[in-house]
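See below for the structure under consideration.
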Amino acid sequence: MSPYDPSAFPPFAVTVDLVVLTVRRHALWALVVRRGEQPFQGRWALPGGFVRGDEDLAGAAARELAEETGLCAHDPTAPGVDNGAHLEQLATYGDPKRDPRMRVVSVAHLVLAPDLPAPTAGGDANSARWAPVDELLSADQASTGLAFDHARILADGVERARSKIEYSSLATAFCPPEFTVGELRRVYEAVWGVSLDPRNFHRKVTGTPGFLVPSGGTTTRQGGRPAQLFRAGGATLLNPPMLRPEV
């Protein structure tokens with residue numbers, strides 16, 4: 001058997017790209033950064049960057065999230081911390097021509113967070129903003145659209161979010177630690193892009209074991225009569241699921 005020779009294989013780099021989603025103004029928004037250097041200088045892109053030699057993929061994703069946006073990833077070992085964003089691996093993208101610099105494989109991650117203030121750009125990004133998902137995906141990808149193959153990655157992340165809130169409690173990741181059923185309903189409406197019947201929605205979510213737990217408080221932040229506050233329960237999978245209406 002001949003010895004292993006690393007130089008016999010073409011070099012390539014690994015990056016992490018982040019699909020950061022939140023609900024704002026009753027719609028689904030994504031975080032984008034304006035690239036400060038080539039390639040695609042001046043174009044909007046998903047936040048992300050190269051994986052360092054001494055870090056794993058989750059660590060690289062969390063670092064890029066903090067460096068380029070000022071946001072922090074939720075630490076599952078610290079359940080008392082409520083301001084972290086949900087972070088999970090989405091998919092891998094390896095088209096040989098996806099990056100004009102060299103062969104680059106990207107491991108995309110999905111990040112879900114409550115409505116957050118304006119992000120702080122860093123790294124190779126010179127500005128960052130929240131933008132409506134519909135606006136980003138409808139742009140002319142050849143001229144004003146997202147850099148690289150980020151429109152495809154964004155579309156995949158949006159579909160992952162839309163699918164997962166059907167059968168998991170992930171929709172609560174878009175909410176503050178305590179929220180009303182009405183606020184949770186508006187998350188589903190924003191992510192799915194549909195209108196839901198308030199009474200039917202209330203019956204489903206409060207009747208699903210482990211989905212919501214009353215916090216003991218009420219709020220009038222929505223106006224009108226005081227609304228009961230809930231927090232996420234212990235269930236990770238919903239039974240029965242919240243089926244997405246056909247549109």
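The values are calculated or read from the model by the stated rules, or taken from the named source; none is laboratory data. Being a predicted model, the structure only gives us computed values, none of them experimental. Cβ atoms come from the backbone with ideal geometry, glycine included; neighbour counts cover every protein chain shown. Just the protein is used for accessible areas: all its heavy atoms, side chains included, with ligands, DNA and RNA removed. Shrake-Rupley method; radii C 1.70, N 1.55, O 1.52, S 1.80 Å.
Compute the distance in nm between two label points, each set 7 Å from the Cα along the Cα-to-Cβ direction, one at residue 37 and one at residue 178.
Spacing of the two 7 Å Cα→Cβ label points: 4.7 nm.
Less than 12 Å Cβ to Cβ from residue 206, Lys/Arg counted +1 and Asp/Glu -1: what total charge do the surrounding residues give? Walk me through the numbers before you get to the answer.
Numbers: positive: 185, 199, 203, 204; negative: none.
Once all neighbours under 12 Å are counted, the net charge is +4.
In Å², what does the accessible area per residue of the chain work out to with a 1.4 Å probe?
On the way: 12860 Å² over 247 residues.
Roughly 52 Å² per residue, with all protein chains present.
Heavy atoms only, probe 1.4 Å: what % of the accessible area of the chain goes to carbon and sulfur, would you let me know? Intermediate values should be presented prior to the final figure.
Working: 6840 of 12860 Å².
Roughly 53 percent of what the probe reaches on the chain is carbon or sulfur.
In sequence order, what are the phi-derived ³J(HN,Hα) couplings for region 27-43 according to the Karplus relation 6.51 cos²θ - 1.76 cosθ + 1.60 with θ = phi - 60°, rounded to whole Hz, with x for glycine and proline?
9, 8, 10, 10, 8, 10, 10, 8, 5, x, 8, 6, x, 6, 4, x, 8
What ranking of 95, 134, 17, 149 comes out by heavy-atom accessible area, probe 1.4 Å, highest first?
On the way: 95 85, 134 115, 17 10, 149 30 Å².
Result, largest first: 134, 95, 149, 17.
Could you give the dipole magnitude of the chain about its Cα centre, charging the beta-carbon of Lys and Arg +1 and that of Asp and Glu -1, in debye to the nearest 20? Mind dumping the intermediate values first?
On the way: 25 positive and 28 negative charges, 176 e Å.
With Lys and Arg at +1 and Asp and Glu at -1, about 840 debye.
Once the Cα atoms of helix 57-69 and of the chain are each reduced to a long axis, what angle between those two axes, in degrees from 0 to 90 to the nearest 10, is obtained?
That works out to roughly 80 degrees.
Based on the Cβ-Cβ distance from residue 135 to residue 196, what FRET efficiency comes out when R0 is 22 Å, to the nearest 0.05?
Numbers: r = 23 Å, r/R0 = 1.05.
Approximately 0.40, to the nearest 0.05.
Between residue 92 and residue 236, what is 0.36 nm times their sequence separation minus the Cα-Cα distance? Round to one decimal in nm.
Numbers: separation 144, 0.36 × 144 = 51.84 nm, distance 2.45 nm.
Result: 49.4 nm gained on full extension.
Mind jotting down the distance between the C-alpha centroids of region 179-202 and region 210-241, whole Å?
12
I need the calculated FRET efficiency for the pair residue 244 and residue 103, taking r as the beta carbon distance and R₀ as 45 Å, to the nearest 0.05. Numbers along the way, then the final one.
Working: r = 37 Å, r/R0 = 0.83.
E(calc), rounded to 0.05, equals 0.75.
Given a Förster radius of 25 Å and the C-beta distance between residue 127 and residue 24 as r, what FRET efficiency does 1/(1 + (r/R0)^6) yield to the nearest 0.05? The partial results should precede the final answer.
Numbers: r = 18 Å, r/R0 = 0.71.
Efficiency, from the Cβ-Cβ distance: 0.90.
State the label only: which of (i) 152; (ii) 168; (iii) 144 corresponds to volume of the Cα convex hull per residue in Å³ computed from the shown model?
It is the one labelled (ii).
Taking every alpha carbon pair in region 205-247, what does the distance histogram look like in 10 angstrom bins from 0, in percent?
All Cα pairs, binned at 10 Å, distribute as 26, 38, 31, 5 percent.
Can you compute the helix-only [θ] at 222 nm over the chain? Use -39500 (n - 2.57) per DSSP H run of at least 4 residues, normalise by all residues, nearest 500 deg cm²/dmol.
Numbers: 5 runs with 59 residues, N = 247.
That comes out to -7500 deg cm²/dmol.
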